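Each remark here refers to the structure printed beneath this line.
The values are calculated or read from the model by the stated rules, or taken from the named source; none is laboratory data. These numbers come from a predicted model, not from an experiment. Cβ sites come from the backbone with ideal geometry, for glycine too, and all protein chains shown count toward neighbours.
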Amino acid sequence: MKPTSTNANNRNNRYQPALYGACLALMISTFLLLFAGGMVTSTNSGLSVPDWPTTFGKNMFLFPPSMMKGGIFYEHGHRLFASLVGLLTVIIAVALFFFQGRRWLKMAGISALVLVIVQGVLGGMTVRYKLPISVSTAHACAAEIFFMLTVMLAFATSRVWGQVPDQPLRWNLPEQFLALGLCIVVFLQILVGAVMRHSYAGLAIPTFPSAFGELAPPFWNFGIVVNFSHTRVGASLVVLLSAALIVFLLRSKAQARGVKALALYLAMAVAAQCVLGMFTVWSGKAPVPTTFHLSIGALVFALAFLILLASHRLRLDGGANRSNLGYSNTKVTVAPDKAVPTSGALRA
Ligand code: HEM
């Protein structure tokens, strides 16, 4: 039988274990890289290696490991690990582009590649310009977006993505708005957190939950405004929005089990994040809880984004077709009477 374009598409869009494995490795190594990068700031090692792209005038890959001590260990180790993540990203972006059929996923691979390059340059600029707040903040936020992209790649190339059953109409508008709103609020919270961290305002209000013995600070300056916005206002908004979204998703009778599981993970991540934030303050910014707080912040962002992504999954994959682990981007390979309407497919 002559191969149709649908068959060709299905071949390209199959679940590919090697590709999934690589994306999973990228996601895990990016999470570790976030932690390693956080430790650079948390231990004040940002300028332990004063030059870039060289390390003490040497090719960074030839720098002797025996000299990686103290702050150099954190700073140079972060650079080496980042190079590994960069290499993995190049391989995955090329593989997605040539061996994978979904257009949006190709674009996601290219975006990850562009972002990892931008991130490398931003990292270099933080060193060259001696840690300016704007560049360090951009580097911190780009890191969280990059991690979110790697989670998306791992999720979209996994078997789970295609195995979600065919019933299409599981999302109602409040859930979608809440998912979108939560992504925006968490990103703003991360942005304010990064400004606070890099302007050394993490302890501008040195107590929690009271602020200088009161509910709201009795006096204000830049550091206190940023700190209050993050530790009280932003944190409350994140908790309220995520609680509303989680309740909606868990109570919905039609919602897929996988999405309910994501909602539970989000609940755990937000709770852990708040506890870690409090320990960051109570411990006077001890490096380990502070750095875990930064990393779990990235996880909260990634989980909120995954829920949003799941709500748009049918649209992203081009409609109703689920015949080949759900990976085809062609519109009709199921019988027309069983085909799912794609317009309004996200409404309950
Ligand atoms: C619940 C949502 C929260 C999220 C998503 C979040 C996220 C973040 C992130 C990503 C950073 C680091 C930014 C960077 O440099 O890359 C940060 C910093 C910080 N966060 Fe949070 N945070 C949350 C809640 C809290 C709470 C409840 C507290 C305190 C009670 C808190 C206290 C802090 C402090 C003190 C820093 C600065 C650490 C430093 O100066 O090194 N956060 N937050």
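A few points about this structure:
- So residue 232, is it more than 16 Å from the ligand (Cβ to nearest atom) and not polar (S, T, N, Q): no
- Among the residues of the range 102-122, the ones that are modelled with pLDDT under 95 and within 16 Å of the ligand (Cβ to nearest atom) come to 0 in all.
- Where helices (runs of 4 or more DSSP H) fall entirely within the range 245-348, those with at least 2 residues that are modelled with pLDDT of 95 or more are at 257-282, 287-311.
- Hey, residue 86 within 16 Å of residue 51 (Cα to Cα) and surrounded by fewer than 20 Cβ atoms within 10 Å (Cβ to Cβ) or not: no
- Hits in the range 236-286 (condition: surrounded by fewer than 14 Cβ atoms within 10 Å (Cβ to Cβ) and among the polar types (S, T, N, Q)): 236, 283
- Of all residues making up the range 173-214, the number that are assigned to a helix (DSSP H, G or I) and without any contact (Cβ under 8 Å) to a residue 60 or more places away in the chain: 8
- Condition check for residue 99: more than 13 Å from residue 46 (Cβ to Cβ) and either in the same structural domain as residue 197 (by TED's automatic domain parsing) or surrounded by fewer than 20 Cβ atoms within 10 Å (Cβ to Cβ) (or both): yes
- Test: residue in the range 206-217 that is within 11 Å of the ligand (Cβ to nearest atom) and crowded, with 21+ Cβ neighbours inside 10 Å: no
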